[in-house]
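Participant: I have a structure here, written as structure tokens, and I will follow up with some questions on it.
The values are calculated or read from the model by the stated rules, or taken from the named source; none is laboratory data. If you're wondering where the values come from, they're calculated on a predicted model, not measured in any experiment. All Cβ positions, even for glycine, are placed from backbone atoms using ideal geometry, and neighbour counts span all protein chains on display.
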Amino acid sequence: MKSWASHRDFPPTEKNHTEVNLTVTLPPDMAAEAEAAQRDEPEFLSRVVLYGLTRRMIYRGIRDRHLAQEAGA
């Protein structure tokens, strides 16, 4: 059975991307799953991190805009 997203489903890494190495602390069962994903579908973890950081940037932008509007009011 094919997983919902395989590394073959994503385009190759863009030339303007920078490789980053992360170290995280996870509960043992999640760590095992992350290691399996890294081994079997390394591009999947890259997409998960990209998604999470994109959401964070959007949230911060909205929050900062809101705070600036409140300060100007």
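Participant: Every residue in the stretch 12-29 that is farther than 12 Å from Ser46 by Cα and modelled with pLDDT under 70, please. Please lay out each step first, then the result.
Facilitator: Going through the stretch 12-29, the residues farther than 12 Å from Ser46 by Cα turn out to be 14-16, 23-29.
Hit for the stretch 12-29 is Glu14, nothing else.
Participant: Looking at Ala71, Ala37, can you tell me which residue is assigned to a helix (DSSP H, G or I), modelled with pLDDT under 95 and surrounded by fewer than 10 Cβ atoms within 10 Å (Cβ to Cβ)?
Facilitator: Numbers: Ala37 fails: surrounded by fewer than 10 Cβ atoms within 10 Å (Cβ to Cβ).
Exactly one residue qualifies, and that residue is Ala71.
Participant: Hey, another quick one. Among the residues of the stretch 15-34, write down those that are under 14 Å from the mean Cα position of the chain (by Cα) and in a loop (DSSP other than H, G, I, E, B). Walk me through it before giving the result.
Facilitator: Of all residues in the stretch 15-34, those under 14 Å from the mean Cα position of the chain (by Cα) come to 17-24, 34.
Matches in the stretch 15-34: His17, Thr18, Glu19, Val20, Asn21, Leu22, Thr23, Val24.
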